[in-house]
Every structure is written in structure tokens, then in C-alpha cells.
């Protein structure tokens, strides 16, 4: 492998502005105190230079294939060099998956995961039960397990209302009506929850507010009442 780089040595690498370089040097302690060791090997003037750890194109070797091939004697080395990037890269050995269904708008074609073509009768499976549906070439999701409701299970469904509270299980979409029970849930239920069932909590406050109002009313009447002696000389 030659010493060629991706970019020429004359390329200027990106760097930060002087302000950010000052912050970087302070955080990385590049400018050490005299009593502390330098951050790297000192140069000819005795000072240690900060080396940016980032990799730039002019410091990276050229890509494989762009450099001159090595001069090696014939043997196993040539076989390894020619076969390296083919067998060591798994992306070259993985094939795309086989399509299970193809359609051009007029005809449909079915196939297995191995690429074998199937007829429509064999591809479109029906629910034949767990024993017949399991183990298919390309099983349809949901066709493996069968569930049936029996009369003995009805007693368990009766407790769903208590278990899930206000959530309702509809048998069909048309059973759900828009804003059904809105007034009961938004007005009646709120009034019962925060007013009707909590009246012992509001009773002392209401009594205290009434007593304060009655005292203020009487006090206002006494202050605003006129003295007859002040108006004895009025004509």
C-alpha cells in the first residue's frame, strides 16, 4: 500500500473560530501551567503543540483499489487479495427476498418464500384449523388459533362492566352513537361527584359565609343609620 492520501497536503482542514478555539484549549487544558507537564511531546522551541484528533482527507490513506497493487510473489497472497472484498463483505452474499405476491393490475402471481410459483387455490388459504394451518409455506397471520364462545363463558362476560368501569364494549360500530350520554357524563355526573356527594364538606363553609354576611349587613345598617338630633334644626 502506497503512502498516497485521499486529498493533497495543500488542502486546508476545517477549524473553529478563534473564540471557540480559546474555549476548547481551556477545557482541554492545552495551555498548561509551568508546574504541570505539557499535553504532548515538546517541539524544538520547548512548547507542546496541540494536535487535533479529528481525521481529515489529507491524513487518510487512499481507498483500496486506488493505490498501486503490492509486488508479491505468486502464491496464496494473490488469492486472498482477490477474494477479500467478496467473501468478507456479507452484503455481496445476501440476496433480496423472494416476492410472495406480484400483480400488474390484470393478473396476480403467488409464490413461496423460496421462489416456487403457487396457484391461487394453494396460495389463498382458508381457515382449516390449527393442525392444517400451522406449518404452511407462507402462513397468513391470524389463521393459526381458533377461538369459540360457549355458553359456559357467558358468566365471565357479565363482569366486564365492573372490571372496566365506564368503558363499553360494542358488538358493532353502528351501536356507538355520537355524543351518547354526554349530558349524563358532563353535567349530571360532575354535579353528583363534586356537589351532591360532597355537601358535608361545603356545609361549614356555607354557614361561615352566611354568618359573615349577616354580621356585615347589620354593621352596615348601624353605621349608615342617621341620628335624629343632627337634623333637629332642619326646616
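With the simple spin-label model, which puts each label point 7 Å out from Cα in the Cβ direction, the residue 220 to residue 124 separation comes to 8.4 nm. Compared with the direct C-alpha span, the chain from residue 60 to residue 106 gains 11.1 nm at full extension, assuming 0.36 nm per residue.
Report the full-extension gain for the segment residue 7 to residue 43: residue separation times 0.36 nm, less the Cα-Cα distance, to one decimal in nm. Mind showing how you got there, number by number?
Working: separation 36, 0.36 × 36 = 12.96 nm, distance 2.63 nm.
Full extension of this stretch gives 10.3 nm more.
Read-outs throughout are calculated quantities, based only on the coordinates presented, and are distinct from any laboratory measurement. This is a predicted model, so every value here is computed, not measured. All Cβ positions, glycine included, derive from the backbone under ideal geometry; neighbour counts span all protein chains shown.
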